[in-house]
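Inspection log for the structure reproduced underneath, given as structure tokens.
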Amino acid sequence: MADEELEALRQRRLGEIRAEHGDSAADPSQQEAKQREAEIRNTILAQVLDQAARARLSNLALVKPDKAKAVENYLIQMARFGQLAGKVSEQGLIEILEKVSQQTEKKTTVKFNRRKVLDSDEEDDY
């Protein structure tokens with residue numbers, strides 16, 4: 001009986017500590033749901049992409065995870081609506097990457113704000 005009470009106290013205290021630190025991974029049901037979602041995404045992408053395209057997407061995920069996630073979402077959405085005919089090749093993935101890049105492209109501009117420095121050479125000594 002004492003062991004059960006001690007274990008219950010430990011679990012409750014562990015839950016309190018995790019709640020204080022904002023540890024959302026503590027909830028096993030949330031972890032399980034995330035894992036299931038990741039498995040579903042991987043199976044859909046395995047059905048939609050060929051090997052070379054999956055390798056390219058994996059490489060992209062290492063370098064730019066946000067862009068890879070956007071491409072994955074785009075591919076999954078196309079697959080769900082039946083807009084894909086067969087597997088997407090590496091060249092098809094490159095075209096999709098270009099489309100996503102054009103949509104998310106940021107225009108950067110550099111503006112030089114030059115200050116005038118008072119220099120004795122610039123002054124007229126009339």
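The values are calculated or read from the model by the stated rules, or taken from the named source; none is laboratory data. In this text, all values refer to a predicted model and were calculated from it rather than measured experimentally. Ideal geometry is used to build each Cβ from the backbone, glycine not excepted, and the neighbour counts take in all protein chains shown.
Out of curiosity, is LYS99 surrounded by 10 or more Cβ atoms within 10 Å (Cβ to Cβ), modelled with pLDDT under 90 and in a helix (DSSP H, G or I)?
Answer is yes for this residue.
May I ask you to say which residue of GLU105, GLU90 is at pLDDT 85 or above and within 30 Å of LEU60 (Cβ to Cβ)?
Of the residues listed, the single one that is at pLDDT 85 or above and within 30 Å of LEU60 (Cβ to Cβ) is GLU90.
Does LEU93 count as surrounded by 15 or more Cβ atoms within 10 Å (Cβ to Cβ) and part of a helix (DSSP H, G or I)?
yes
Look through ALA85, ALA68, ALA52 and report the one residue that is at pLDDT below 85, of a type in the set (Gly, Ala, Ser) and under 25 Å from GLU37 (Cα atoms).
On the way: ALA68 fails: at pLDDT below 85; ALA52 fails: at pLDDT below 85.
After ruling out the rest, the residue left standing is ALA85.
Please go through (1) in a helix (DSSP H, G or I); (2) more than 17 Å from the chain's Cα centre (by Cα); (3) touching a residue at least 24 places away in the same chain (Cβ under 8 Å) for LEU84 and return the number of the only condition it doesn't satisfy.
With respect to (1) in a helix (DSSP H, G or I); (2) more than 17 Å from the chain's Cα centre (by Cα); (3) touching a residue at least 24 places away in the same chain (Cβ under 8 Å), LEU84 is out only on (1).
Of everything in segment 6-51, what is closer than 30 Å to LEU97 by Cα and surrounded by 13 or more Cβ atoms within 10 Å (Cβ to Cβ)? Give them in sequence order.
Passing the criteria: ARG41, ILE44, LEU45, VAL48, LEU49, ASP50.
Which residue pairs have Cβ atoms closer than 8 Å, lie 6 or more positions apart in sequence or on different chains, and pair a first residue in segment 1-28 that is of a type in the set (S, T, N, Q) with a second residue that is at pLDDT 80 or above?
Within 8 Å, the pairs are SER24/GLN30.
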